[in-house]
Structures are given as C-alpha cells and as structure tokens.
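Here is the structure we will look at, set down as structure tokens.
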Amino acid sequence: MSTDRRPMILMTPAMLWLFGLMVVPCVLILVLAFFRRGVYGGIEYTVTLENLALVFDPLYFKIFLKSAGIAGLSAAIACVLGYAAAYAIAAMPRRHQSMLLFFAVLPFWSNYLVRTYAWIVLLNREGLIVNLARWLGFEGELPSMLYSEQAVIIGLVYNYLPFVILSCYAPLSRLNPDISEASRDLGASGWTTFRRVTLPMTVPGIATGFVFVFVLSIGNFVTPALLGGGQFQMIGNLVYAQFLTANDWPFGAALSMVLIAVMLGLLMLQAVVAERASGRKGAQNG
Amino acid sequence: MADRNTFRLMLIILGVIFAFLYIPISVLVGLSFNEGGLPTAWTGFSFKWYGALLENEDILKAAGNTLIVAIFSTLLSTLLGSLLAIGVEIRRRNGKWLETLIFAPMIIPDIVLAIALLSFFSLIGVKMGLHTIIVSHVVFNLAFVCAVVRARLKNFDWSIVEASADLGASTFTTLKRVIIPVLMPAIVAGALLAFTLSVDEFIIAFFTAGAGRASITLPMQIFAMIRFGVTPEINALATLVMAVSVIALALSQRLNKGGLPGQ
Amino acid sequence: MTQSFLSIKDVSKTFGTVQAVDGLSLDIRKNEFFALLGASGSGKTTLLRMLAGFEDLSAGDITLEGTSIAGLAPNQRPLNLMFQSYALFPHMTVAQNIAYGLEMDRLPKAEIAARVNEILEVIQLGHLAKRKPEQLSGGQRQRVALARALVKRPKVLLLDEPLGALDKKLRSEMQLELKRLQHEFGITFIIVTHDQEEALVMADRIAIMKDGKLLQVGTPHDIYEAPQSKFAADFIGVMNFLPVEKKGTNFVGADGSVIRSESVTEIAKNGAAIAAIRPERLHVTGTGENQLSGEIAAVAYHGLDLLLHIKTPLSDTPVISRMTADEADGHAPEVGQSITVQWSAKDTHIFPN
Ligand SMILES: Nc1ncnc2c1ncn2[C@@H]1O[C@H](COP(=O)(O)OP(=O)(O)OP(=O)(O)O)[C@@H](O)[C@H]1O
Ligand SMILES: [Mg+2]
C-alpha cells in the first residue's frame, strides 16, 4: 500500500543517525577487541584473542569481581530501601500518593555530579558529619569517610534509589487490596500475608530495580572517581584509563565487551522475569 | 490496633527515606548561601558566591559551551525524534529490531556509548570538539524526544489526518498544519527534556570533547573542580545547575501530562 | 442515454482473508440523497472510504461524470467525507476548521471569509465561530463537521453515520436539517446508516448491503412494498413471517391452509419457504384471499393505531396486526379474545427460506 512507504521518509533521518552514531560505533568496539595493540599505542590489524584473555587475568578479573560486588551490594541496599519506601507510599491515602512519588523522584532529575558532590560535602574531613560528631563530643582525629568503598556504595544507592522506588511502586499500586485481605481471612498473619502474597506478586518490580541499579553501577566511573578517591578502581575506571590514559584501546574494547555482555545478559533476564510475572497475572485473572 | 501501628511504621519509613534523599542536597543549597562559605558555621545569608561565579572565566566559558551544545543538540534531536515518532506511529506495525534500535539509546550505559563514539571519531579521523559532543548528544536525546512524542500519539485521533487529506491538503501540509500543531505540547516537552539531559550530561561529553580546554562543558568543569574538594563556589554552581534541571523537567512534565518516559 | 453521474463498477475490497466489499456495482444520480443501509460489518464504511480515496480498490473502477477517480489521492478527489467521529481539528476554532478546506483550494482570503460566514449562518453557529471543538456539544460538533465538508461544495458528500452519536430527539431534528441542506446546496449525498427509519425518512433511494454485496436498490417505497429478499423485508419496517411449504404450485401454511400470493420470488424446488406480510395489511374486516385465526395475546398502542399480537398455529411467534383507530372503533379487541384477520394475495410476499 502506498501509505506504508510514506512514514519511512519521516523515520529515515533519525534511523540513519542512530545507525551511524550508535550501531556502527558499538560494532566497532566489538571488532576492536579482537585486534592487537600497536607498539606506540595505535592499533595493529592482526586478529587476536589476547585482549579477551587479559580481561580474565587475575589482576583485572579481581577488579571485575569487586565492581560486581559493589554493584550488587548497592543494588541490594537500594532495593530494600526503595521497596520499603514504595510500600509506605502505596500505604498512604490515594490522593497523596502521586505527590509523594513526585517528591521521591525529584532528586533523580537533578545533575548526577551535583548529587554525588553533595555527599562529598557531607562526608569530607571538614564535612557536616564530622562536624556533627565533634559537636556531639567526639574528640581527636576522626577517620574520613570519604574515599572509601562505603562512600562509593552510599553514592550509588543515593543516586539510583528513586529509580527503584518507581519500579517497585508500579506493581504495588496495582496490587488489588482484596488479595491481601483474602489471605488474612484465611488466617495468615500480616507478615505471612506480605511474605506469601504481596512480595511474590511484586517481584518483577524489584527485579527491574535491581537489574537497572546493578547495570548502571557496574559500569559507573564517576562515583568511584569522586567518592572512591584516586586509587580506587572499578571496571568503569579501568575502561576509562585504557582509552584516555593508557592508550590501549583494544584492551579497553575487550573490557567494554565483557561489560556489555554482562549488562545485556542481566537485562534479558529481567525481561524474562517480567514476562513470566505478567503471564502469571493473566492466569490468575482468567 | 495493629493497623494504626503499621501506618505509623510507614510514616517513619517515609520520613527516614525522604531525609536520606533530601538532606544532602539541602545542605548543599544551604551552604551556597552561607556568607562565610564554610560548613562549620553559619555566618549569614548572602549571594556572594553566586556573584563569584560570574567572575570565574572558566565557568563562564564552560557555561557558554554547554549552552551551545544543549541548544543545537535539542534542535536537532527534537526535529529527528518528533519525525521518527510520527513515522513509527503511522506505520504501527514495527518490527522488534526497529523498536530495539529506538529504545536502545535510552538504556545503553553512558560509558559504553562514550567509548564507542570516541573510538569511532578517532578512527575515522574526525577532529573532536563541541560539534562531536552535539552529534553524540543527539543520539540519546532523539530517543527521549521520540518516546515523549510517541506517548502522546498513543491516543491521537488519526481520523483528523484523513480529514485533512480529504479537505485537499497534501501530506506535507497535513504534517505542517495538523499533526505537528496538535503534537506541539508533547514536542516542546520532549525538547525541554532533551535540553536538560544535554545540559546535565557528563560522560559522553567528557569522552567526545577532544583534547584541551577549548570545548569543556559545565559538567566537565564541575567534575574537574570537585575532584579538588569542596568550595563555596561549587556549592553555588551546583545549586544553580540543580535548579535549572528541576525547573525545566517540571515544566516538561506539566506540558506533557502523559509523564516522562521511565515514569 | 445520459451518462451516469457517480458510477461504481464491480468494486471489490479484500483485507487479508476478509472480503469487505464483493463485486459491487451501483450508479448514483446527480443531486440524489442516497442511503447505504446494512448490518454491522457489511462493508458500508469500506465502500465509503474507497469512494473518498482512503482505501485502494482490490478490483473494479469508480467513475465520476465519466472519468475514473480510482487512482486519485484523497486530496485530489472532488468528494468530501464527513467522518463518523467528526474528526474536527482540536487546535483550530470552528471558523478555522471550516476555512481549512477552502485554504487548501487557495481561494482568496476575502472569499474564504465570506463563505465561512455564509455557512456558519446556514448551520446557525455564527455565535460560536471562535470556539474550539472541545467547547462544543455533540450536536454542534456534528454541524461543524458537516459545514466543513459542505463549504467546499464537493460534487458528492459522503456521510458515515453522521447522526450516530446524537440522542434520539436531536437525531430527528438533524435528519430534517440534512435533507434541507442537501436541497439548498444541490449536492449529491451518500449517507451510511444502520437505522432503517432514518433511511426511510431522508433518502431518495436506498441500497441494502449484506456481506459486501448489494441486496436491493430502490426508493424507500419500493423496498418497503416490494422487498426482494427475506433479509430486505426484515431489515426495513416490521414484517410478519409465516413458514410455508411449497407443494406443486401451492404454498401451504403450518396448519394446512393454502396461502395465496401474487408476488413470488423464484422458487424452483418444492420444500420450505417463507411468507411475509406487513402488519398494516392484515385487516379485521373486508375480503382478502387469505385469512388466519388466533387468540389475542397482547394489545399495544402505537400512536393512534393499535398493534394486536395474535397467537396462531401458523407460526411460533405471534403475528402482528396493525389496526387504524377507525377499524378499532367498533371492535375494541381485548386480550384473550379469538380473532380472525384476512389479507389480500397481492400483499403476500414469498421468499425462499
Ligand atoms: N482495515 C481493515 N483491516 C481488516 N479488515 C477490515 C478493515 N476495515 C474493515 N475490515 C473488515 O471489513 C468488513 C467490513 O467492514 P466495514 O467497516 O466496512 O463495515 P460497516 O458496514 O461499516 O460496519 P459498521 O456498521 O459496524 O460500521 C468487516 O468484516 C471488517 O472487519
Ligand atoms: Mg462503519
């Protein structure tokens, strides 16, 4: 039909843009990972698996595992806090919920660097928390909380918490209150109701929140750089270094490739969980 | 009464979480107005640090660069993203690949896109600068604009498009006089979103700006400054940047009652 | 022989496996008020959209005054469609909506303004010219949509259930209004409706559609008095149906009585058929060739007329007889009474079952 070709004209410029400046560069990364680093930092066009092997070299793989650990811990903490917040919002009177949600998400809208910087202000050696401790009567030299793994985790949780609140609130708000009431009638206590009914039905929201926080955290290089201090390395910083300081692009590309593979795997897993859950919901309605 | 206790518990949880979310930024905003500039003591309210920003050449230059990047990438991405949205919704039956291509820029981690673009520009020998930041920002911005406009198109009455053709308008005239005007609130909302995203974006700009200070943007300037610690000027600058994004996004939200993507 | 005005020749439309319009031919005369009537899904909208140019033809041709318009885009056809949903431009005022089509014709500004004002007077919405569609009532929107299509003075105006969204009272007002406007503008109207009464009130001619085909085309009187199929007979007005059996040249009712008829549609084989009689053709007095007896099951007033529901061995459902006030005067029938009605052979239609 003639009406089928016309919209393509409208779509073409944007599609070309995405193709040329997203697809091609990303494919380029994949290709680069299989070339050798030149003697003077350039690229030598011989195919090799060295770079990929190097990623799994204990020296670098340790960083990978540590990044995954920090990302996992941050995601877990964000999920606990975010779920609690979403649950509490959903328990408030309906007319207040959208406003509460709006204010829970508002910080998410401001600049990432600024939000991270706010924690530098709080945590540094002359920062508010140290001052608060002095004022409360602590004497002597207090350990700086800045430039530590804990600071990085706090920063990641803080930055991505609103996202988890959103993803958990969606299924919670849709939850039919009748369901938990029905379970109560059957003699379950409040806690059992939550564990056996509410929680399972809202797992997809938690999964979405977890995966996104994990994915955004594991590749993060701003937060480790600012809150972790110079010596602290996560995989994002390692990639950054290969491209901007060490000048070993093939290795940087190999690192990114593994990173992308982990992210894609998780995102796909999350999609599967979401699909299963919606299937289960359909079965219940039917 | 169990219910009342549960409700109290919920209020406490909300209190704690909101404190966690708002105390850090509130302290930052508060300190930016502290005459003395130090976190240790409140010495009086003052705009002094904001004034100081205006005398900082580096910051002004970076702000100027950011404005250039944001304006051009917003214009380009609004044009491309809106047309894309209209085309996609007219076609309706879109393959999975197409949907993925349109969705990908919104979820692809910044660092991945940043290094991919850096390698790409270097390999094809493009000299990097503000122009490379602009075209790179368009990649994700056009996807966000497209998402906002598409949300509006979901409940668009397509019979008005047929009515326009029936009354004698060409496809182009219909686009110009019917489709785009009706979508205008969503397009403006998308543009505002794109503008804020571009103003705030750090990682991609950082990688595609090229060497030297010539094309440094505000987030890059902030990053450089905060690595050396806390100063009253940064507090003021951070407060300003935060205010701009929140206001622009709230405005965008207002215009586009369907909500922002991801919400 | 004068050339026909709008001519639809063997037109078909298939959507995948659905045959929406199936080899349909129809000639429409100039200045005619033509109604397309049919059940839901019979292809009325599809036919209209093909005329307006929004659907390609799978087969066939459409000519207007002798030249084919089948290949023309919607914006090049001298036909206008009034959409079922009205499809008013939400961002334009009433006046801007109406002016839009004239601007597309690149008429001078002064003329556009004059014609918009003129038509606003005709539809009596002059005082609302500066309103947006969302500030109008359903009936007002309907009139703006009509004005927007009419102001272009198309050769043919296509209307897809134009009154569908209006309440009953407004509907009957608008039916007369449409008729008046059609006269005033001298434009050919093709209107889609599934309300048979509406078609009877407004149309010069009616076409009955079923499964993408035309069953019958004719004046309301023709179709009412001489339906050519059971479907057409059932679709228009109220009709009594009596199951009959063809035996040789006779038609025999369920109780064994012979039912006489002058209008018999081709029925070759012996076997089941159906006899159809309009309620107003069943009389309590007089001498018809046919008669039936039964018990009055219900009596209902319809205006001044009386509707008698008669239980009879001839059919499972009660037979309805319509008595005028004069007829009923002497008799005053009551529920439970037995009654005999009779009718003439020329009022009996026989259709294959
Ligand atoms: N775009 C389409 N794609 C597939 N099938 C269609 C399409 N448009 C119409 N049909 C089918 O064609 C047939 C005729 O539809 P049409 O809309 O013309 O009926 P209609 O007579 O206008 O019915 P109604 O009185 O309900 O408006 C229906 O079976 C419908 O499902
Ligand atoms: Mg229809």
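The values are calculated or read from the model by the stated rules, or taken from the named source; none is laboratory data. Keep in mind it's a predicted model, so treat the numbers as computed, not measured. A quick note on method: Cβ atoms are made from the backbone with ideal geometry, for glycine too, and the neighbour counts reach across all protein chains shown.
The selection criterion, being buried (at least 21 other Cβ atoms within 10 Å of the Cβ), modelled with pLDDT under 90 and farther than 30 Å from B:Thr174 by Cβ, holds for B:Ile111.
Residues checked against (1) away from ligand 1 (no atom under 16 Å from the Cβ); (2) over 15 Å from the mean Cα position of the chain (by Cα):
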position	(1), (2)
C:His183	yes, yes
C:Val192	no, no
C:Met202	yes, no
C:Met209	no, no
C:Gln228	yes, yes
C:Phe231	no, no
C:Asn240	yes, yes
C:Lys246	yes, yes
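Scan the stretch A:141-151 and give yes if some residue there is buried (at least 22 other Cβ atoms within 10 Å of the Cβ), within 14 Å of chain B (Cβ to nearest Cβ) and closer than 30 Å to B:Leu251 by Cβ, otherwise no. No, the conditions are met nowhere in the stretch A:141-151.
Identify the residue in the stretch B:187-213 that is of a type in the set (A, V, I, L, M, F, W, C), more than 9 Å from every other protein chain (Cβ to nearest Cβ) and outside any helix (DSSP H, G or I) and, among all such residues, is farthest from B:Ser82 (Cα to Cα).
Here the residue is B:Ala211.
Identify the residue in the stretch B:214-232 that is touching a residue at least 40 places away in the same chain (Cβ under 8 Å) and surrounded by fewer than 19 Cβ atoms within 10 Å (Cβ to Cβ) and, among all such residues, is farthest from the other protein chains (Cβ to nearest Cβ). Filtering the stretch B:214-232 for residues that are touching a residue at least 40 places away in the same chain (Cβ under 8 Å) and surrounded by fewer than 19 Cβ atoms within 10 Å (Cβ to Cβ), the one farthest from the other protein chains (Cβ to nearest Cβ) comes out as B:Ala214.
In the stretch C:25-47, the residues that are in a loop (DSSP other than H, G, I, E, B) form Cβ pairs under 6 Å with partners that are within 6 Å of ligand 1 (Cβ to nearest atom), at six or more places apart or across chains, as follows: C:Gly43/C:Ala20.
Is one or more of the residues making up the stretch C:50-61 of a type outside the set (Gly, Ala, Ser), more than 15 Å from ligand 1 (Cβ to nearest atom), part of a strand (DSSP E or B) and farther than 29 Å from C:Ile236 by Cα? Scanning the stretch C:50-61, I find at least one residue that is of a type outside the set (Gly, Ala, Ser), more than 15 Å from ligand 1 (Cβ to nearest atom), part of a strand (DSSP E or B) and farther than 29 Å from C:Ile236 by Cα, so the answer is yes. Just checking, does the stretch B:26-48 include any residue being more than 30 Å from A:Ile129 (Cα to Cα) and among the acidic types (Asp, Glu)? No, the stretch B:26-48 has no match at all. If the condition is being more than 9 Å from chain B (Cβ to nearest Cβ) and over 24 Å from the mean Cα position of the chain (by Cα), then the stretch A:21-34 contributes A:Val31, A:Ala33, A:Phe34.
Rundown of residues vs (1) within 28 Å of C:Leu81 (Cα to Cα); (2) surrounded by fewer than 21 Cβ atoms within 10 Å (Cβ to Cβ); (3) basic (Lys, Arg), yes/no style:
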| position | (1), (2), (3) |
| --- | --- |
| B:Val145 | no, no, no |
| B:Phe156 | yes, yes, no |
| B:Glu162 | yes, yes, no |
| B:Asp166 | yes, no, no |
| B:Pro185 | no, yes, no |
| B:Val199 | no, no, no |
| B:Phe206 | no, no, no |
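Residues in the stretch B:1-28 that are surrounded by fewer than 17 Cβ atoms within 10 Å (Cβ to Cβ) and among the β-branched types (Val, Ile, Thr): B:Thr6, B:Ile12, B:Val16, B:Ile23. Taking the listed residues A:Leu123, A:Leu166, A:Leu172, A:Leu100, the one that is touching a Ser or Thr at 6+ places or on another chain (Cβ under 6 Å), within 13 Å of chain B (Cβ to nearest Cβ) and not charged (D, E, K, R) is A:Leu172, with no other qualifying.
Those helices (runs of 4 or more DSSP H) of the stretch C:136-225 in which 1 or more residues are small (Gly, Ala, Ser) occupy C:138-150, C:168-185, C:196-202.
Rundown of residues vs (1) surrounded by fewer than 16 Cβ atoms within 10 Å (Cβ to Cβ); (2) within 16 Å of ligand 2 (Cβ to nearest atom); (3) within 14 Å of chain B (Cβ to nearest Cβ), yes/no style:
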{"site": "C:Ala149", "(1), (2), (3)": "no, no, yes"}
{"site": "C:Pro162", "(1), (2), (3)": "no, yes, yes"}
{"site": "C:Gln182", "(1), (2), (3)": "no, no, no"}
{"site": "C:Glu198", "(1), (2), (3)": "no, yes, no"}
{"site": "C:Met202", "(1), (2), (3)": "no, no, no"}
{"site": "C:Lys210", "(1), (2), (3)": "no, yes, no"}
{"site": "C:Ser229", "(1), (2), (3)": "no, no, no"}
{"site": "C:Ile236", "(1), (2), (3)": "no, no, no"}
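Scanning the stretch C:16-45 for residues that are within 14 Å of chain B (Cβ to nearest Cβ) and within 16 Å of ligand 2 (Cβ to nearest atom) gives a single hit, C:Thr45. Would it be correct to say that C:Thr317 is in a strand (DSSP E or B) and loosely packed, with under 14 Cβ neighbours inside 10 Å? The answer is no for C:Thr317. You will find that of C:Leu26, C:Leu81, C:Leu36, C:Leu64, the residue that is within 12 Å of ligand 1 (Cβ to nearest atom) and surrounded by 18 or more Cβ atoms within 10 Å (Cβ to Cβ) is C:Leu36 and no other.
Kindly evaluate C:Tyr86 against the criterion of being within 16 Å of ligand 2 (Cβ to nearest atom) and either of a type outside the set (Phe, Trp, Tyr) or crowded, with 20+ Cβ neighbours inside 10 Å (or both). Here the answer is yes, as C:Tyr86 does meet what is asked.
Of the residues B:Ser82, B:Ser164, the single one that is free of Cβ contacts under 8 Å to residues at least 24 places away in the same chain and in contact with a helix residue (DSSP H, G or I) (Cβ under 9 Å, 6 or more places away or on another chain) is B:Ser164.
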